[in-house]
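Worksheet: the structure to be examined is printed underneath.
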Amino acid sequence: MKEIRRRAIIIGDSTNNTLSVVRSLGEAHIDQILILKCDEDICFVSKSKYLKKSKTYHIQKIEECLSILQQLRDNKWIQYIICSFDEAAVFIDSQESELSPYYKTPARGKHIGGLFNKDAQCKLAEECGLTVPKSINFHRSDRFEDLYVKYPILLKPLNSTKGEKGDIHICQNRSEVQDALDKESHCSDFIVQEFIDKEYELDCIGVRTEKEVYIAGAVRKIRHYPWLVGAGAYGLFKPIQELDIDVHGVSHFLERSNYYGPFSVEFLHKDNKNYFMEVNFRNEGLAYAATVAGANLHALYLTPDMEIDKNKVHEVYMMNYSLDFLYVKDGTISLWTWIRDFLRTKCFININFKDLNPVLCYYKCKFRQKLHS
């Protein structure tokens with residue numbers, strides 16, 4: 001009997017989100033093809049040693065991936081599309097009917113659709129039994145005075161593809177809301193949310209396969225930059241059995257959403273409650289922490305007969321050192337504290353001593369840019 005061959009087609013940008021899936025699949029010796037959007041970014045991801053024997057395509061606009069996917073149709077393979085940034089996830093969702101006859105697409109021929117909208121996510125999360133902060137939709141042209149809100153509030157883009165990290169604001173009063181809205185931004189639709197003064201943030205890492213929704217664990221963020229609203233800079237990945245996460249509620253959410261593939265769910269923890277914030281319907285950089293901890297979710301997705309020994313999934317400290325070192329530079333933590341944390345870290349999001357070429361390429365390009373500026 002002829003062996004079924006499987007491979008991943010990653011549609012990513014030149015970020016750690018993409019690098020995490022490339023490395024996880026490479027370590028599991030799984031075939032992969034990369035379609036890399038890097039019009040302005042340094043295309044450092046393509047330098048990974050795990051792509052030496054793989055095809056890599058460079059695109060400048062996300063729409064260009066469609067013609068490449070048409071060329072890559074091949075009935076000798078079962079091919080899984082994995083997206084690692086929001087723009088790709090939204091675009092592939094819009095092409096489900098065309099792509100699903102030839103590929104294992106994220107929605108298997110259906111659509112995720114409105115769930116890229118944070119308000120729709122919050123409503124579905126409530127239906128699935130998850131605890132959700134109170135929230136209201138707001139358009140930039142509306143009168144904020146007409147909304148009844150209790151300060152402080154969190155103001156953030158309604159749809160992450162139409163906003164940036166800089167569009168996320170914590171506002172203590174009406175004046176701060178106006179200051180936030182006056183900042184230059186292309187974001188027009190926001191969600192105004194009850195601000196949870198969290199004890200810490202949890203980033204749950206999981207995958208939905210044909211068999212199950214499996215959450216390996218979560219990164220408990222110890223530091224993230226910028227403070228309160230930024231990306232994870234330093235944290236501890238803990239196995240799911242050590243965390244009080246409503247796994248049933250999350251699984252129900254994923255099943256209702258039609259989504260398959262790697263995902264993450266963000267919670268804020270306060271007073272023994274985990275407040276749902278959002279689901280990312282794509283791979284993210286912190287997913288590599290699960291791989292280092294003994295749960296290679298990307299390999300699990302492409303290998304239906306694979307089983308992860310859940311008893312062997314263990315705690316792992318993770319760090320994005322380039323972000324985290326900013327806390328030393330601004331004096332928030334001491335150099336000795338940072339060195340201690342660095343030395344106990346086993347998962348570095350941006351550097352990997354088994355795969356150094358991407359980070360070397362990144363800094364070489366940055367150095368050349370400084371020389372010519």
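The values are calculated or read from the model by the stated rules, or taken from the named source; none is laboratory data. Here the structure is a predicted model, which means the values were calculated and not measured. Reconstructed Cβ throughout: ideal geometry from the backbone, glycine too, with neighbour counts over all protein chains shown. These accessible areas exclude ligands, DNA and RNA; they are computed on the full protein's heavy atoms, side chains included. Shrake-Rupley method; radii C 1.70, N 1.55, O 1.52, S 1.80 Å.
Any idea what the relative contact order of the stretch 77-124 is, in percent, if you count C-alpha pairs under 8 Å spaced at least 6 apart? Show your work: numbers first, answer last.
Working: 39 pairs, mean separation 17.0, N = 48.
Computed value for the stretch 77-124: 35 percent relative contact order.
Given a 1.4 angstrom probe, I'd like the percentage of the accessible area of the stretch 1-129 that is carbon and sulfur, rounded to a whole number. The C+S portion of the solvent-accessible surface of the stretch 1-129 is 45 percent.
Among Cys171, Cys43, the order of accessible area from largest down is Cys43, Cys171, computed with a 1.4 Å probe on protein heavy atoms. Take the Cβ atoms of Met306 and Lys364, set R0 to 41 Å, and the FRET efficiency comes out at 0.65.
Where does the chain land at 222 nm, in deg cm²/dmol rounded to the nearest 500, when only DSSP H runs of n ≥ 4 count, each adding -39500 (n - 2.57), divided by all residues? Mind dumping the intermediate values first?
On the way: 13 runs with 107 residues, N = 373.
After summing the helix terms and dividing by residue count, I get -8000 deg cm²/dmol.
Counting protein heavy atoms only, the stretch 306-345 has 57 percent of its accessible area on carbon and sulfur, 1.4 angstrom probe.
Using Cα pairs under 8 angstrom and six or more residues apart, how large is the relative contact order of the stretch 1-144, in percent?
Numbers: 189 pairs, mean separation 32.1, N = 144.
In percent, rounded to a whole number, it is 22.
Within a straight-line Cα-Cα reach of under 27 Å, Lys49 can be paired with the following lysines, leaving aside sequence neighbours fewer than 8 residues apart in one chain: Lys37, Lys61, Lys76, Lys104, Lys346, Lys354, Lys364, Lys366, Lys370. If R0 is 35 Å, the Cβ-Cβ spacing of Asp179 and Gln60 corresponds to a FRET efficiency of close to 0.50. If I compute solvent accessible area with a 1.4 Å probe over the protein chains, what percent of it on the stretch 179-292 is carbon and sulfur? Reported share for carbon and sulfur atoms: 43 percent. If I compute volume of the Cα convex hull per residue in Å³ from the structure I just sent, which labelled value in (i) 138; (ii) 159; (iii) 178 lines up? Entry (ii).
Between Arg108 and Glu242, full extension at 0.36 nm per residue minus the direct alpha carbon distance yields a gain of 45.0 nm. Applying 1/(1 + (r/R0)^6) with R0 = 51 Å to the Cβ-Cβ distance of Glu199 and Asn75 gives a FRET efficiency near 0.50. Among the trypsin sites (Lys or Arg not before Pro) within the stretch 8-83, those in coil by DSSP and having at most 15 neighbouring Cβ atoms inside 10 Å are Lys52, Lys53, Lys55, Lys61, Arg73, Lys76.
Computed from point charges on the beta carbon alone (+1 for Lys and Arg, -1 for Asp and Glu), the dipole magnitude for the stretch 91-155 about its Cα centre is near 160 Debye. Any chance you could check the Cα centroid distance between the stretch 34-79 and the stretch 297-373 for me, in angstrom? Answer, in whole Å: 23. By the Cβ rule of 4.7 Å, the chain holds the following cysteines without a possible disulfide partner: Cys65, Cys83, Cys122, Cys128, Cys171, Cys187, Cys204, Cys347, Cys361, Cys365. Relative intensity of the stretch 167-247 on a log10 scale, I(q)/I(0) at q = 0.13, 0.21, 0.23 Å⁻¹, equals -0.61, -1.03, -1.10, per a Debye sum over C-alpha point scatterers of equal strength in the absence of solvent.
Please identify the GluC sites (Glu not before Pro) of the stretch 1-103 that satisfy two criteria: DSSP loop assignment and at most 16 other Cβ atoms within 10 Å. Which are they? Walk me through the numbers on the way to the answer.
Numbers: sites: Glu3, Glu27, Glu40, Glu63, Glu64, Glu87, Glu96, Glu98; in loops: Glu3, Glu40.
Passing both the DSSP loop test and the Cβ count: Glu3, Glu40.
When both the stretch 82-152 and the stretch 190-231 are represented by their alpha-carbon centers, they are found 16 Å apart. Per residue, the solvent-accessible area of the chain (1.4 Å probe, heavy atoms of protein chains only, all protein chains present) comes to 49 Å².
Distances between placed amide hydrogens fall under 5 Å for Ala231 paired with Tyr225, all partners being 5 or more residues away or on another chain. Please say if the stretch 245-304 is rounded, prolate or oblate, where rounded means a/c under 1.5 for a ≥ b ≥ c the square roots of the C-alpha gyration tensor eigenvalues, and otherwise the choice is prolate for a/b larger than b/c and oblate otherwise? It is oblate, given that a/c is not under 1.5 and a/b is not larger than b/c. Longest stretch of the chain clear of exposed loop sites (chymotrypsin sites (Phe, Trp or Tyr not before Pro), DSSP loop, at most 14 other Cβ atoms within 10 Å, sites excluded): 1-147. May I ask you to list the GluC sites (Glu not before Pro) in the stretch 226-331 that are in a DSSP loop and have at most 15 other Cβ atoms within 10 Å of their Cβ? Within the stretch 226-331, the qualifying GluC sites (Glu not before Pro) (loop, at most 15 other Cβ atoms within 10 Å) are Glu307, Glu315.
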